[in-house]
Amino acid sequence: MAVIMYWEAIRRAHDEEMARDPLVICMGEDIGVVGGTYKATQGLYDKYGPDRVIDTPISENSYTGLGIGASFLGVRPIIEIMSVNFAWLATDQIFNSAAKVRYMSGGQLTAPVVIRSPGGTAHQLGAQHSARMEKVFMGIAGLRVVTPSSPKQAYGLLKSAVRCNDPVFIYEHELMYNMKGEVPDAEYFHPLEGSEVARAGKDLTLFGYNISVHWCMQAAEQLAKDGIDCEVIDLYTLSPLDRAGIKKSVSKTHRAVIVEEAEAAVGVGSEVMAIINEECFFELDAAPLRVSAANVPIPYNHHLEKATIPNAKRVVETVRKMFGK
Amino acid sequence: MNAADKKRLLREMLFARRFEERCYEAYVERKIGGFLHLYPGEEACAFGVLDAARPGHDYVITGYRDHIHAIKCGADPKEVMAELFGKETGSSKGRGGSMHIFDAKHHFMGGYALVGGPFPLAVGMAKAIKLKGGDEISICFLGDAANNQGTFHESMNMAALWELPVLFVCENNLYGIGTRIDRSTAVIDQYKRVHGYNIPSAQVDGQDIEKVHEAAKIAIEHVRGGKGPYFLELMTYRYRGHSMSDSNAYRAKEEERMWGKRDPIIILRDRLIEAGEISMDDYKLMDDEVLEEIENEVIKFAEESPEPKVEELEKYVLGENDPYVRGGAR
């Protein structure tokens, strides 16, 4: 099993799918000649040419719509939106066209597009380049939302997303492209639904997704020294959320803390809490808690930025509070 | 266009007119709900362009005033009416409604209700056609007001940049909902707006189907010939309000009278009578036949069709049993 970077895993998935099927194309800003801001399409332009590796104008809504229209005729576009902040502009086509076309055509048309975009707060990029938009996408019927926390997931989720007949939004992270991890040498398809037990434990469940899985893992190690044995659940599917997996873990540990990079309101944490409430309220030994970002546009100043976004230390503090330590 | 074609198109346009008028009645009877945007007055646009194209073969997309485009592409009028009645037998199984008629097997790729939304979808279909090497073209019908959306400019740019086989048909009915074009739009002649993208264009009388057909032939030859996109502006007028909830109080009576005299069906009918191809009695007989077909076949089918089952409410949101959702077929 090779150890490769997150971006290399995404690139490999592109390459394999494009080599297999001439109707798989990729498109986005600077993805061709430049090879992608995060190198996710590096070398593909030379290999597959400008008709299949398309450098688009800076017109997020319409080039996304173009990919969606092409998908009606059987093309399988992998659309890169350079930053999730720019995906706000494309939400018209993603929500109104891709997510709804199967339903409003009574199943006649499907939009098998993949839209990849990195979100999250990197380093001092300011309010308009630091959005965390997962909460917006996960509330839309007809759209699948997945978010890889490792190179293996980044590879396997993209492979499955390209082959799936539903529109899939893949929420990546700007700080994770250089993360290393093991990826199977053989072709691998990651499920688009479900969740993973990243660490088994018995005293409490930490729910994370994407970068926050790593904060949860660091916190779990720290808490193990205090004698608190945490389970970490990786919610790689944000829509539909894995109700059964959430119920199973909380029924075992009887405590839950949800860790999210985004602001608390109307987010992953509030949704997971609602599911716990609906599925296994009487299993709880304590009220679930959230570790979320401050409700502010992301500040430029690095002290303020750091104070906005959660980290492993805040997860540890929250868990200790729950145990009265 | 020969006399037989003209007679056929006269009947097709008359059918479209009576179909839409019957929709109006059904709406008043509360058989049709929601929003209803009707096409009377604009018939020569859809029929003139699509008769010059290859309906059922070329891919067609439009906005929410979509019943007639679907029918001309080959959709069964009974299924379109059943859709308006919200029935399971409707073209979109009662899930779409008036603004979302689809008939994928006849390459009618839908009615969309966000103004300007279909522009990029149409360009995307053209991209797919080019990639697959087919001889179809993509045809996008939208109104003049859609040209004030960002998608218009973004899509024109990409269509021209990549020389994609797409024909944009602008049905310029002079109003965006209730606002007259000169109050919303800096450049009144819409065909001029694509010059900035090096897209060839023309403006013709949208009430005269022969003129529309002739202009469409030139446009389609250009697009199908691999020369890239074309933009055709058709000057037309809708005889009813924007939708059924529109009081239509914003238009001058004199303007309505003037355009009323330029009815595309009457223009073609009178031309055929003058040429001795049909008589007024022939026309009346044709009208009676059309009305009878609509009542006895189309409305009857819609009335008698079953409602969708509530148990199937969530069907069609996502695909069913997609193996890759579980990580591939193992």
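The values are calculated or read from the model by the stated rules, or taken from the named source; none is laboratory data. Worth saying up front: this structure is predicted, and the values here are computed from it rather than measured. Glycine also receives a Cβ, built like all others from the backbone with ideal geometry; neighbour counts cover every protein chain displayed. To get the accessible areas, we keep the full protein, side chains included, count just its heavy atoms, and leave off ligands, DNA and RNA. Shrake-Rupley method; radii C 1.70, N 1.55, O 1.52, S 1.80 Å.
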What number of residues within the range A:264-316 satisfy the criterion of being within 20 Å of the chain's Cα centre (by Cα) and of a type in the set (Asp, Glu)?
1
Wholly inside the range A:123-207, strands (runs of 3 or more DSSP E) that include 2 or more residues that are within 13 Å of chain B (Cβ to nearest Cβ), closer than 25 Å to residue A:67 by Cα and not aromatic (Phe, Trp, Tyr) are A:144-146
Enumerate the pairs (first residue in the range A:175-196 and closer than 21 Å to residue A:119 by Cα; second residue anywhere and open to solvent by less than 20 Å² (accessible area, probe 1.4 Å) and in a strand (DSSP E or B)) with beta-carbon separation below 7 Å, excluding pairs fewer than 6 apart on the same chain, so at least 6 apart or on different chains.
A:192/A:144; A:192/A:146; A:192/A:168; A:192/A:237; A:193/A:237; A:195/A:233; A:195/A:234; A:195/A:237
Where residue B:72 falls short, out of the listed (1) more than 30 Å from residue B:290 (Cα to Cα); (2) away from every other protein chain (no Cβ under 11 Å); (3) basic (Lys, Arg):
(1)
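Matching residues to (1) of a type in the set (A, V, I, L, M); (2) at pLDDT below 95; (3) open to solvent by 50 Å² or more (accessible area, probe 1.4 Å):
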{"site": "B:215", "(1), (2), (3)": "yes, no, no"}
{"site": "B:229", "(1), (2), (3)": "no, no, no"}
{"site": "B:242", "(1), (2), (3)": "no, yes, no"}
{"site": "B:262", "(1), (2), (3)": "no, no, yes"}
{"site": "B:269", "(1), (2), (3)": "no, no, no"}
{"site": "B:274", "(1), (2), (3)": "no, no, yes"}
{"site": "B:278", "(1), (2), (3)": "yes, no, no"}
{"site": "B:293", "(1), (2), (3)": "no, no, yes"}
{"site": "B:300", "(1), (2), (3)": "no, no, yes"}
Applying the selection to the range B:98-128, what residues are assigned to a helix (DSSP H, G or I), facing another protein chain (nearest Cβ under 7 Å) and surrounded by fewer than 24 Cβ atoms within 10 Å (Cβ to Cβ)?
B:104
Tell me, yes or no, whether the range A:272-279 has at least one residue that is open to solvent by less than 60 Å² (accessible area, probe 1.4 Å), free of Cβ contacts under 8 Å to residues at least 24 places away in the same chain and closer than 27 Å to residue B:325 by Cβ.
yes
Some residue of the range A:198-207 being surrounded by 19 or more Cβ atoms within 10 Å (Cβ to Cβ) and over 28 Å from residue A:317 (Cα atoms)
no
Would you check which residues across the range B:129-151 are at the interface with chain A (Cβ under 9 Å from one of its Cβ atoms) and within 17 Å of the chain's Cα centre (by Cα) and list them?
B:138
Would you tally the residues in the range A:205-231 being free of Cβ contacts under 8 Å to residues at least 12 places away in the same chain and either closer than 18 Å to residue A:150 by Cβ or among the acidic types (Asp, Glu) (or both)?
1
Among the residues of the range B:28-36, is there at least one that is farther than 20 Å from residue B:137 by Cα and surrounded by 20 or more Cβ atoms within 10 Å (Cβ to Cβ)?
yes
If I filter the range A:245-298 down to residues being assigned to a helix (DSSP H, G or I) and small (Gly, Ala, Ser), which single residue comes out as nearest to residue A:317 (Cα to Cα)?
A:269
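Of these, A:114, A:145, which one is touching a residue at least 12 places away in the same chain (Cβ under 8 Å), open to solvent by less than 20 Å² (accessible area, probe 1.4 Å) and either farther than 19 Å from residue A:63 by Cβ or over 14 Å from the mean Cα position of the chain (by Cα) (or both)?
Values: A:114 fails: either farther than 19 Å from residue A:63 by Cβ or over 14 Å from the mean Cα position of the chain (by Cα) (or both).
Every option except A:145 fails the conditions.
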Quick check on residue A:66: is it surrounded by fewer than 19 Cβ atoms within 10 Å (Cβ to Cβ), in a helix (DSSP H, G or I), aliphatic (A, V, I, L, M) and in contact with a helix residue (DSSP H, G or I) (Cβ under 6 Å, 6 or more places away or on another chain)?
no
